[in-house]
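Engineer: Have a look at this one.
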Amino acid sequence: MTNNLKYFIGNWKMFGDFSSLKIINNVKFHINKTKSKKSRIVFCVPSTLIRHFSSKLKNSNIIIGAQNCHFSDDYGPYTGSINSKMIKRAGAKYVILGHSENRIQKLHNGDTDFLINKKIKSAIKNNLNVIFCIGETFKERKKNLTNKILSGQINKGLHSVKNLNKVIIAYEPVWSIGTGMIPKHNELNKTILFIRRKLSKSFKNKNSVKIIYGGSVNSKNIHKLVAIKGINGFLIGGASQSAKNFIDIIKNCYK
Ligand code: PGA
């Protein structure tokens, strides 16, 4: 594992238009003059922006990603959908899959673990890096089911996935997304360790899978989060929609 390479992955969700490129350009300006070698910066933007942004940022150290894709490798009768080949050709290098906002628990028609597994395989086949989101709900946490839930999501999501080097696991407790709440230090330490052990036990994967944390990451709590052992970076939602907030997170991370 490249220990000191930190991922800062912005998840813009349903935000942004062509003019929002200036947010990313500001971040680019900042990292060009600072710790760029230590950080990998990815912005997962809405599909409408992938082509434009990836061509504008072609020769920079900012990478563009997508936020979801269809499970089918081929074109098909799926109104409103885009597959991994299409986002790849549009210029995305990463794709977020299994985000709780797209899972069945949230959406009537949302993703099951089975579908997420198909999407992961299709994305890897098309040479995309996958940001695979897992996480327990508040209720599950209260019932002490966190490890069980994560274990199940990992087993099913990564079932017979070959190239685990292309996978980043984003641990995102559902109750922490957009709420301002983050897990306690000990709790998060234990969970990250649990995920790492799980990967080495069930997938014989020691270190190549990166594990990042997501859920209410901001410039005020980043110093607590970066202190967690084994965390390779962060998935940042709301705070990635402002250049200042995003830059402050990076700055405070290296303080
Ligand atoms: P948040 O979102 O940072 O706004 O909590 C994180 C995410 O949903 O990936």
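Engineer: Applying the selection to the stretch 171-205, what residues are of a type outside the set (A, V, I, L, M, F, W, C), over 22 Å from residue 8 (Cβ atoms) and either part of a helix (DSSP H, G or I) or touching a residue at least 40 places away in the same chain (Cβ under 8 Å) (or both)?
Structural biologist: 186, 187, 190, 197, 198, 200, 201, 202, 205
Engineer: Could you please find all residues in the stretch 8-61 being hydroxyl-bearing (Ser, Thr, Tyr) and either under 16 Å from residue 242 (Cα atoms) or in a loop (DSSP other than H, G, I, E, B) (or both)?
Structural biologist: 19, 20, 34, 60
Engineer: If you don't mind, there's one more thing I want to ask. Looking at (1) free of Cβ contacts under 8 Å to residues at least 40 places away in the same chain; (2) within 16 Å of the ligand (Cβ to nearest atom), which is the only condition residue 44 fails?
Structural biologist: (1)
Engineer: Same structure, new question: Among the residues of the stretch 96-119, what is the count of those that are in a helix (DSSP H, G or I) and either within 16 Å of residue 46 (Cβ to Cβ) or open to solvent by less than 60 Å² (accessible area, probe 1.4 Å) (or both)?
Structural biologist: 8
Engineer: Then there's this: Inspect all residues belonging to the stretch 88-95 and state whether any of them is in a loop (DSSP other than H, G, I, E, B) and open to solvent by 30 Å² or more (accessible area, probe 1.4 Å).
Structural biologist: yes
Engineer: With the requirement that a residue be touching a strand residue (DSSP E or B) at 6+ places or on another chain (Cβ under 9 Å) and either of a type in the set (A, V, I, L, M, F, W, C) or surrounded by fewer than 21 Cβ atoms within 10 Å (Cβ to Cβ) (or both), what does the stretch 206-222 give you?
Structural biologist: Of everything in the stretch 206-222, those that are touching a strand residue (DSSP E or B) at 6+ places or on another chain (Cβ under 9 Å) and either of a type in the set (A, V, I, L, M, F, W, C) or surrounded by fewer than 21 Cβ atoms within 10 Å (Cβ to Cβ) (or both) turn out to be 208, 209, 211, 212, 217, 218, 222.
Engineer: Which one of 13, 28, 33 is closer than 27 Å to residue 226 by Cβ, charged (D, E, K, R) and within 16 Å of the ligand (Cβ to nearest atom)?
Structural biologist: Going through 13, 28, 33 in turn, just one is closer than 27 Å to residue 226 by Cβ, charged (D, E, K, R) and within 16 Å of the ligand (Cβ to nearest atom): 13.
Engineer: From the list 131, 64, which residue is touching a Ser or Thr at 6+ places or on another chain (Cβ under 7 Å) and either in a strand (DSSP E or B) or modelled with pLDDT under 95 (or both)?
Structural biologist: Unique residue meeting the criteria: 64.
Engineer: Are any residues in the stretch 40-87 surrounded by fewer than 19 Cβ atoms within 10 Å (Cβ to Cβ) and among the hydroxyl-bearing types (Ser, Thr, Tyr), and if so, which ones?
Structural biologist: 47, 48, 55, 60, 72, 75, 78, 79, 81
Engineer: Could you list, in sequence order, all residues of the stretch 160-207 that are farther than 13 Å from residue 225 by Cα, under 16 Å from the mean Cα position of the chain (by Cα) and away from the ligand (no atom under 11 Å from the Cβ)?
Structural biologist: Selection gives 164, 165, 166, 167, 168, 169, 195.
Engineer: Can you tell me how many residues within the stretch 134-155 are acidic (Asp, Glu) and either buried (at least 24 other Cβ atoms within 10 Å of the Cβ) or not in a helix (DSSP H, G or I) (or both)?
Structural biologist: 1
Engineer: Still on this model: Would you pick out the residues in the stretch 232-255 that are more than 15 Å from the ligand (Cβ to nearest atom) and open to solvent by less than 10 Å² (accessible area, probe 1.4 Å)?
Structural biologist: 232 - this is the single residue of the stretch 232-255 that is more than 15 Å from the ligand (Cβ to nearest atom) and open to solvent by less than 10 Å² (accessible area, probe 1.4 Å).
Engineer: Return a yes/no flag: does the stretch 106-121 have any residue that is within 13 Å of the ligand (Cβ to nearest atom) and of a type outside the set (Gly, Ala, Ser).
Structural biologist: Within the stretch 106-121 (the criterion being within 13 Å of the ligand (Cβ to nearest atom) and of a type outside the set (Gly, Ala, Ser)), the answer is yes, since at least one residue qualifies.
Engineer: How many residues are open to solvent by 40 Å² or more (accessible area, probe 1.4 Å) and within 24 Å of residue 13 (Cα to Cα) when one looks only at the stretch 156-165?
Structural biologist: 0
The values are calculated or read from the model by the stated rules, or taken from the named source; none is laboratory data. A quick note: this is a predicted structure, and the numbers were derived from the prediction, not measured. Neighbour counts are summed over all protein chains in view; Cβ atoms, including those assigned to glycine, are modelled from backbone coordinates with ideal geometry. Areas reflect the complete protein model, heavy atoms only, side chains present, ligands, DNA and RNA absent. Shrake-Rupley method; radii C 1.70, N 1.55, O 1.52, S 1.80 Å.
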